[in-house]
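What follows draws every value from the coordinates through simple rules; no lab data is involved. Computed from a predicted model, the values in this text were never measured in an experiment. No Cβ is skipped: glycine too gets one built from the backbone with ideal geometry, and neighbour counts run over all protein chains shown.
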Amino acid sequence: MTPVVTLDTIVHRVAARDVEGVVDELVAALAQVHGLGRAELRAGFGEREALGSTAFGHGVAIPHARFDVAHPLAAVGLAPSGLTTRGPDDEPVRVVVALVSPPDGIQHLQALAILGRMLIAPGAIAALLLAPDRMGVLRQLSRALEDDASLRGA
């Protein structure tokens, strides 16, 4: 299941310098847009991050938490100059996608898989970082989703 990203859950240029701070910014957006409990949501992300970094390389981190939502939701934060947080490939994180999924395991795993494929596709990160504004980011995400679906024959 594809996570829902809206214009108001995109932070075109994050203020934070590390993934933890970016998660705070993205949690604020998710809480405001979707009416979720900010403290509870932040605690869910904190529990997952305590297990290990969600930076997986290629300049991407996908912090994720399970929460009482009907379908996967996501917020996107961009840091073109890179964060102090680095992935296993020692590249600085530049794109953070905070994913909130229902407790049901299958939707969570499907959403993570879709995001992972979309973000490691050739040129995907560069296109997001070059987007001039939030609408441009949303357009790039839509294109990446279409490309992913066509590659899978969906």
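Before moving on, here are some points about what is shown:
- For the chain, a Gaussian network of Cα nodes joined below 10 Å ranks Asp24, Asp133, Asp89 by mean-square fluctuation, and the top entry is Asp89.
- Taking Lys and Arg as +1 and Asp and Glu as -1, the other residues whose beta-carbon sits under 11 Å from that of Ala131 total +3.
- Listed residues Gly57, Gly35, Gly116, most fluctuating in the chain (Gaussian network, C-alpha, under 10 Å): Gly35
- Taking 18 Å as the cut-off, the amide N atoms of the stretch 1-30 that come nearer than this to a point 7 Å along the Cα-to-beta-carbon line of Asp133 belong to 6-14.
- Each Cα pair under 8 Å and six or more residues apart adds its separation to the average, and for the chain the resulting relative contact order is 26 percent.
- Modelled spin-label separation between Ala50 and Arg17, with each label point placed 7 Å from Cα along the Cα-to-Cβ direction: 2.6 nm.
- Considered as an equivalent ellipsoid built on the Cα gyration tensor, the chain has semi-axes of 20, 19, 15 Å, the largest given first.
- For trypsin sites (Lys or Arg not before Pro), the sites in the stretch 14-74 that DSSP calls loop and that have at most 16 other Cβ atoms within 10 Å are Arg17.
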